[in-house]
Amino acid sequence: MITSAALIEAAVEQTGLSDFGGDAFREGLDVLVDSLNEEAQLSELGALAVPGQVVGTLANRLKVVDHAARFGTADELIEAPVFVIGLFRAGTTLLSNLLDADPRNRALLTWEAGDSAPPSTPADHRSGERVELNRLAQSMLDGLNPGFKAIHHEEPEGPTECITVLGADFKALVWESVANVPSYGSWLLQADSVSAYEHHKRTLQVLQSGGVRGRWTLKTPHHALALEALTAVYPDARLVYLHRDPVEVAASAFSLVASLSGTFSDADHRAYIAERWTDILVACTDRVDAFRDAHPSVPVHDIRYLDLLGDPVGTVRALYGFLGEDLSDHGEAGMQAHLASTPQGRFGRHTYDLADFGVSAASLRERFAGYLSRYDVTATSA
């Protein structure tokens with residue numbers, strides 16, 4: 001039986017720290033723990049690995065809070081950060097890697113999202129012991145689930161999702177991607193996420209204080225669920241909304257979650273995954289629409305997945321225009337070099353089939369009819 005108290009005690013013992021920066025995380029942690037115990041059907045491996053991930057997240061939170069307090073990082077300004085807000089499997093990874101290839105930008109890197117304090121310096125930002133420890137952890141996951149790398153891969157020294165940081169407040173989809181936790185999922189969609197974004201900002205301030213600066217370019221489709229909270233904490237945020245045929249989005253997302261959560265459970269969760277993640281995707285589109293309707297003065301830049309694939313650099317150049325900037329020759333060269341060195345499918349082809357989840361394309365198109373109409377999204381699947 002997993003308990004919140006034991007997880008917290010383990011994080012405190014691991015770090016020698018005890019200040020979590022308030023108790024806002026506790027409700028989400030308690031709901032998650034109950035859901036893991038009662039619903040997730042974790043395997044023997046999962047019963048070890050998932051609590052271990054929670055402890056690691058709590059430990060990193062402790063270190064961030066401690067570093068922020070000792071070094072006074074609250075004065076660090078996070079100015080006009082760029083948030084790529086969706087959709088799932090719509091090119092957010094490609095776009096974030098292209099933005100990271102411009103040295104004027106500052107991405108949240110995979111290794112530092114989970115090991116944020118002390119922050120890196122320009123000398124060890126993309127190399128060193130912590131980078132290699134993250135690479136070792138990834139290789140262990142590859143050993144347990146060799147096919148996952150073809151579905152989703154992030155280099156330790158490359159950009160990652162903000163859900164790792166938001167997950168330290170236990171208000172993030174990261175926990176639903178590693179375990180099937182219906183009660184936690186229901187709670188999450190109703191939770192007030194302001195405290196999660198406050199911790200997110202605190203983490204960015206700590207990371208920036210190490211001397212690696214630039215315009216923050218951040219991403220996770222989870223942001224679409226919490227735009228009111230995001231913009232309350234980051235009122236000058238720049239929002240970028242990626243669009244793809246929701247049939248392709250859903251099928252790819254189902255496959256990703258089934259593969260990742262299947263690493264830690266031997267149960268067949270496919271029916272639940274199809275129902276739950278369709279609901280999440282619908283909630284994402286509905287909440288973005290509601291936010292845009294309620295805040296028409298907040299600019300949002302729309303990008304179609306097919307345009308990003310067809311003309312990556314040109315699409316980014318248009319995004320820079322939205323930001324009021326020009327793409328420099330140096331920035332473009334970095335993006336071209338990234339594209340040349342990371343061809344699509346280099347780890348294998350990600351194949352998926354809606355039939356495996358008992359869902360039809362027609363039913364999905366019906367659920368997303370409003371989204372398809374509003375954004376004139378091209379259907380790319382039968």
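Key figures for this structure:
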item: Subset of the range 178-232 [among the β-branched types (Val, Ile, Thr) and farther than 28 Å from Ala47 by Cα]; result: Val194, Thr203, Val206, Val212, Thr217, Thr231
item: Those helices (runs of 4 or more DSSP H) lying entirely in the range 1-87 with at least 3 residues within 23 Å of the chain's Cα centre (by Cα); result: 26-38, 44-71
item: In the range 253-305, residue surrounded by the most Cβ atoms within 10 Å (Cβ to Cβ) [restricted to those that are in a strand (DSSP E or B) and among the hydrophobic types (A, V, I, L, M, F, W, C)]; result: Ile303
item: Pair list, Cβ under 9 Å, 6 or more apart: the range 302-318 residue among the polar types (S, T, N, Q), other residue in a helix (DSSP H, G or I) and buried (at least 20 other Cβ atoms within 10 Å of the Cβ); result: Thr315/Leu95; Thr315/Leu98; Thr315/Leu308
item: Looking only at the range 155-172, and only at residues there that are part of a loop (DSSP other than H, G, I, E, B) and in contact with a Lys or Arg (Cβ under 7 Å, 6 or more places away or on another chain), the one that is farthest from Leu29 (Cα to Cα); result: Glu157
item: Residues (buried (at least 18 other Cβ atoms within 10 Å of the Cβ), closer than 21 Å to Tyr197 by Cα and free of Cβ contacts under 8 Å to residues at least 60 places away in the same chain) located in the range 9-37; result: Phe20
item: Test for Phe347: is it surrounded by fewer than 19 Cβ atoms within 10 Å (Cβ to Cβ), at pLDDT below 95 and under 30 Å from Asp142 (Cβ atoms); result: yes
item: Test: residue in the range 309-321 that is loosely packed, with under 15 Cβ neighbours inside 10 Å, over 22 Å from the mean Cα position of the chain (by Cα), at pLDDT 95 or above and farther than 17 Å from Gly91 by Cα; result: yes
item: Residues located in the range 109-133, provided they are part of a helix (DSSP H, G or I) and either in contact (Cβ under 8 Å) with a residue 40 or more places away in the chain or within 20 Å of Arg70 (Cβ to Cβ) (or both); result: Thr110, Trp111, Glu112, Ala113, Gly114, Arg130
item: Residue within the range 122-141 that is loosely packed, with under 14 Cβ neighbours inside 10 Å and within 19 Å of Trp216 (Cβ to Cβ) present; result: yes
item: Whichever residue in the range 89-100 is part of a loop (DSSP other than H, G, I, E, B) and buried (at least 24 other Cβ atoms within 10 Å of the Cβ) and, among such residues, is modelled with the highest pLDDT; result: Ala90
item: So Arg238, is it surrounded by fewer than 20 Cβ atoms within 10 Å (Cβ to Cβ), of a type outside the set (Gly, Ala, Ser), touching a strand residue (DSSP E or B) at 6+ places or on another chain (Cβ under 6 Å) and modelled with pLDDT of 95 or more; result: no
item: Filter result (hydrophobic (A, V, I, L, M, F, W, C) and at pLDDT 90 or above) within the range 355-376; result: Phe357, Val359, Ala361, Ala362, Leu364, Phe368, Ala369, Leu372
item: The range 203-226, residues that are out of contact with any Pro (no Cβ under 9 Å at 6 or more places or on another chain), part of a helix (DSSP H, G or I) and surrounded by 24 or more Cβ atoms within 10 Å (Cβ to Cβ); result: Thr203, Pro221, His222, His223, Ala224, Leu225
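The values are calculated or read from the model by the stated rules, or taken from the named source; none is laboratory data. Please read all numbers here as calculations on a predicted model, not as lab measurements. Here the Cβ is made from the backbone with ideal geometry for all residues, glycine too, and neighbour counts use every protein chain on show.
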